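K.L.:
One structure, as structure tokens, below. Some questions next.
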Amino acid sequence: MSFDEVRSVWWNGDLVPWTKANVHVSAHALHYGSGVFEGIRCYETPEGPAVFRLTEHIDRLFASASAHGIDMPFTASELGAAVCQTVAANGFQRCYVRPIAFFGSSTLALNPGTCPVEAAVLAWPWPAMLGERALDYGVRITVSPWRKFGAEMMPTTAKACGQYINSILAVRDAARRGYDEALLLDAGGGVAEGSGENLFVVHDGVVRTNDDRHSILMGITRDSVMTIARGLGLPVETRALTVEDLLIADEAFFTGTAAEVAPISEVDGVEIGNGRPGEITRRIQQAFFDATSGRSKQYRRWLHFVDACTFAGAYSSVPFI
Ligand code: PMP
């Protein structure tokens with residue numbers, strides 16, 4: 001990951017240099033994680049950089065804000081335009097984009113009361129989160145001793161800053177024990193998801209994943225992969241998953257904006273299938289990268305070309321939300 005190449009950050013409505021995009025130490029969100037964010041990818045295509053599923057990401061940002069009672073200081077169109085402006089201002093062909101809205105500085109009472117809501121968009125080059133090698137050879141994962149929090153504790157389908165302490169505990173424990181990633185179970189002992197990914201298993205040709213009844217973030221990559229799998233004529237089933245489903249699976253993979261489509265080779269020392277990425281995983285992964293790179297006509301609707309939406313005026317004429 002490299003922040004060195006970032007020149008501009010979108011900060012409360014303006015593009016400012018990296019060194020000016022700062023938060024005061026008294027900001028509410030710094031102390032309590034009281035903010036919401038998105039993780040979006042922009043991909044290189046023959047027609048210039050294109051943001052993948054921008055509409056869905058901005059929609060989810062607003063849904064997260066609403067779940068946490070955060071009044072967004074900008075409209076969805078403005079934030080969508082800000083994503084494109086930030087990519088363009090930095091001259092990136094491909095990057096990861098992080099819009100965030102959070103309570104700033106006014107009080108450190110738990111109730112943020114008078115704290116202003118600040119908004120920013122950061123973009124930087126970030127190759128596949130689990131490593132390029134993971135995309136080809138798969139990741140070794142472990143079932144975490146940390147459980148995923150349940151919907152009765154805080155909204156699981158929202159993407160709020162503070163909730164990621166749960167994921168951080170899990171991923172650091174996994175790394176300490178020599179694994180690439182953690183798999184969190186839900187409060188009932190069923191499978192929830194990875195620290196920052198949804199889980200898919202393939203058994204006898206059926207592609208299975210769980211849903212919001214199992215404390216997961218409803219991933220946009222998950223949705224893309226389900227659509228792609230159906231498009232490939234594969235049966236797709238949504239139901240609770242158990243650790244046993246994973247251990248007996250022919251294939252398994254993680255999905256996420258940062259992780260993309262990452263095959264799972266091993267769970268706690270047990271190989272999945274023959275320990276190599278399976279054929280169905282490969283086909284889905286290939287179709288996913290065809291979609292993100294603009295090679296697929298079928299999924300062109302998922303691409304939002306940066307050059308077409310750089311300026312707010314031009315952008316707002318595009319029916320977007
Ligand atoms: N679960 C969690 C906890 C995540 O943080 C992410 C990444 N946003 C995902 C799943 C995958 O979601 P998406 O495909 O929308 O990136």
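A short reminder: the numbers here are calculations on the coordinates, not readings from a lab. Because the structure is a prediction, the values reported are computed rather than measured. In this analysis, Cβ positions are derived from the backbone assuming ideal geometry, glycine residues included, and neighbour counts consider all displayed protein chains.
K.L.:
Write down the radius of gyration of segment 27-95 and its Dmax, each obtained from C-alpha positions, in Å.
P.N.:
13.7, 43
K.L.:
While we're on this one: What ³J(HN,Hα) values, in whole Hz, does the Karplus curve 6.51 cos²θ - 1.76 cosθ + 1.60 give for segment 99-104 when θ = phi - 60°, with x put for Gly and Pro?
P.N.:
Rounded to whole hertz, the list is x, 9, 9, 8, 6, x.
K.L.:
Now for a different question. Given H placed on each backbone N at 1.01 Å, which residues far from residue 41 in sequence or on other chains put an amide H within less than 5 Å of it?
P.N.:
52, 97
K.L.:
For a label point 7 Å from the Cα of residue 56 along Cα→C-beta, name the residues of segment 226-246 whose backbone N is under 18 Å from it.
P.N.:
226-239
K.L.:
Please report, to two decimal places, log10 I(q)/I(0) for the chain at q = 0.06, 0.09 Å⁻¹ as given by the Debye formula with identical point scatterers on the Cα atoms and no solvent.
P.N.:
-0.20, -0.46
K.L.:
A further question follows. Could you work out the relative contact order of the chain? I mean the mean sequence separation of Cα pairs under 8 Å and 6+ apart, divided by the number of residues, in percent.
P.N.:
Contact order relative to length: 21 percent.
K.L.:
Over segment 132-277, what portion of Cα pair distances is larger than 26 Å, expressed as a whole percent?
P.N.:
On the way: 1647 of 10585 pairs.
The proportion of pairs with Cα distances above 26 Å equals 16 percent.
K.L.:
Report the Cα centroid-to-centroid distance between segment 118-184 and segment 206-272 in angstrom, as an integer.
P.N.:
The distance from the Cα centre of segment 118-184 to that of segment 206-272 comes to 15 Å.
K.L.:
Using the Cβ atoms and a cut-off under 13 Å, what net charge is assigned to the surroundings of residue 209, where Lys and Arg are +1 and Asp and Glu are -1?
P.N.:
Residues near residue 209 contribute -3 overall.
K.L.:
Just to verify a number: FRET efficiency for residue 44 and residue 18, C-beta to C-beta distance, R0 = 22 Å, to 0.05?
P.N.:
Working: r = 22 Å, r/R0 = 1.01.
Efficiency for this residue pair is about 0.50.
K.L.:
Would you work out the relative contact order for segment 132-277, in percent, from Cα pairs under 8 angstrom that are 6 or more residues apart?
P.N.:
Dividing the mean separation by the residue count of segment 132-277 yields 28 percent.
K.L.:
In addition: How far apart, in nm, are two points set 7 Å out from the Cα along the Cα-to-Cβ line at residue 109 and at residue 206?
P.N.:
So the two model labels end up 5.4 nm from each other.
K.L.:
Under a Cβ-Cβ limit of 4.7 Å, which cysteines in the chain have nobody to pair with?
P.N.:
Unpaired cysteines in the chain: 42, 95, 115, 161.
K.L.:
Normalised by the number of residues in segment 10-74, what is the relative contact order in percent for Cα pairs under 8 Å and 6+ residues apart?
P.N.:
22
K.L.:
Sequence neighbours fewer than 8 away in the same chain don't count; with that in mind, list the lysines whose C-alpha is under 23 Å from residue 148.
P.N.:
Result set, ordered by chain and number: 159.
K.L.:
Arranged from highest to lowest average of other beta-carbon atoms within 10 Å per residue, in what order do the peptides 288-300, 198-210 appear? Display every interim value, and only then the final one.
P.N.:
Numbers: 288-300: 17.1, 198-210: 20.5.
With the highest mean Cβ count within 10 Å placed first, the list reads 198-210, 288-300.
K.L.:
How much FRET efficiency would the formula 1/(1 + (r/R0)^6) give for residue 286 and residue 31, where r is the Cβ-Cβ distance and R0 is 35 Å, rounded to 0.05?
P.N.:
Numbers: r = 44 Å, r/R0 = 1.27.
The formula returns an efficiency of 0.20 here.
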